[in-house]
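So the structure is just underneath, and the comments pick up after that.
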Amino acid sequence: MALEKTLVLLKPCTVQRALCGEVINRFEKKGLRIAGMKMMQLDEAILREHYAHLVDRPFFPTLRDSMMATPVVALALEGVDAIEVVRQMAGPTNGRKALPGTIRGDYSVSGQQNIVHASDGPETAAAELKRFFRDEEIFEWTSPMRVAVYASDEC
Ligand code: IDP
Ligand code: MG
C-alpha cells in the first residue's frame, strides 16, 4: 500500500463526445484526489515520446492523428495504489473487450478511441507526470474527505 500519483489523459475522443465531466466524476466518486488538471494540445514530438513503445507499429500515424484531433485533458490523480486502481477503472485497451463497469467498457467500442490513457506502473507514472505537468501544476491540497475515504491505517 502506497500513496501514489498517476497520469490520466482524457483523449480527444472523450473531449469530442463531451464525456470529460462524466469520466472525471468517476475518478472523484472513487475517492481519488485531483492533484493536477489542465487542457493541452499535444504535438508530434510529445506523442512520439509518450508512445515510444508504439512508434514503429503500423497504426501509429492514426493513433498520433487521433491524439492531436483536439486538446486533451491531463489529470494527475492521487490515492493509495492509484496507479493500479486507475488502470482497473480504465479496463483493457480495446473497448470492445473491456467489461461493462470499466470506463472503456462503458464508453468505447474501439481499440484506439478508448477514452483514457492511464499510466501502467510506478516508473511510467513518474515519467508521464513530468512529461505533462510542471512541478508547480501539481497541488498538495488536503482533502477533507480523506478520513472517510480511507481507514486510519491505510493512508
Ligand atoms: P493502453 O492505453 O491500454 O496502455 P497501449 O498498448 O499502451 O495500451 O497503447 C496505447 C494506445 O494506443 C491505446 O490506448 C490505443 O489508443 C492505441 N492502440 C494500442 N493498440 C492498438 C491497435 O492495435 N490498434 C489501434 N490502436 C491501438
Ligand atoms: Mg500504455
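Since every read-out is calculated from the coordinates, none of them should be taken as a lab result. In this text, all values refer to a predicted model and were calculated from it rather than measured experimentally. When we count neighbours, we look across all protein chains shown, and the Cβ atoms used for this are built from the backbone with ideal geometry, even at glycine.
Among the residues of the range 45-72, just one is away from ligand 1 (no atom under 15 Å from the Cβ) and either without any contact (Cβ under 8 Å) to a residue 24 or more places away in the chain or surrounded by fewer than 12 Cβ atoms within 10 Å (Cβ to Cβ) (or both), namely Ala45. Report yes if Pro92 is within 13 Å of ligand 1 (Cβ to nearest atom), touching a residue at least 12 places away in the same chain (Cβ under 8 Å) and not aliphatic (A, V, I, L, M), otherwise no. So Pro92 fits the description; yes.
If I ask for residues that are crowded, with 17+ Cβ neighbours inside 10 Å and either hydrophobic (A, V, I, L, M, F, W, C) or away from ligand 2 (no atom under 11 Å from the Cβ) (or both), which ones from the range 107-132 would you list?
In the first step, residues of the range 107-132 are kept if they are crowded, with 17+ Cβ neighbours inside 10 Å; the result is 107-108, 113-119, 124-125, 128-129, 132.
Once the filter is applied, which keeps residues that are crowded, with 17+ Cβ neighbours inside 10 Å and either hydrophobic (A, V, I, L, M, F, W, C) or away from ligand 2 (no atom under 11 Å from the Cβ) (or both), the range 107-132 yields Tyr107, Ser108, Gln113, Ile115, Val116, Ala118, Ala125, Leu129, Phe132.
Here Tyr107 meets the list (1) touching a Leu at 6+ places or on another chain (Cβ under 7 Å); (2) aromatic (Phe, Trp, Tyr); (3) within 17 Å of Glu4 (Cα to Cα) almost entirely, failing just condition (3). Out of the residues in the range 111-125 meeting the condition of being touching a residue at least 60 places away in the same chain (Cβ under 8 Å) and more than 10 Å from ligand 1 (Cβ to nearest atom), tell me which one is nearest to Val8 (Cα to Cα). Within the range 111-125, the match that is nearest to Val8 (Cα to Cα) is Ala125. If I ask for residues that are of a type in the set (A, V, I, L, M, F, W, C) and in a helix (DSSP H, G or I), which ones from the range 13-51 would you list? Hits for the range 13-51 are Cys13, Val15, Cys20, Val23, Ile24, Phe27, Ala45, Ile46, Leu47. For the range 60-93, taking the residues that are touching a strand residue (DSSP E or B) at 6+ places or on another chain (Cβ under 7 Å) and more than 13 Å from His117 (Cα to Cα), the one that is farthest from ligand 2 (Cβ to nearest atom) is identified as Val80. Screening the candidates Arg104, Arg96, Arg57 for the property of being assigned to a loop (DSSP other than H, G, I, E, B), within 14 Å of ligand 2 (Cβ to nearest atom) and not β-branched (Val, Ile, Thr) yields one hit, Arg57.
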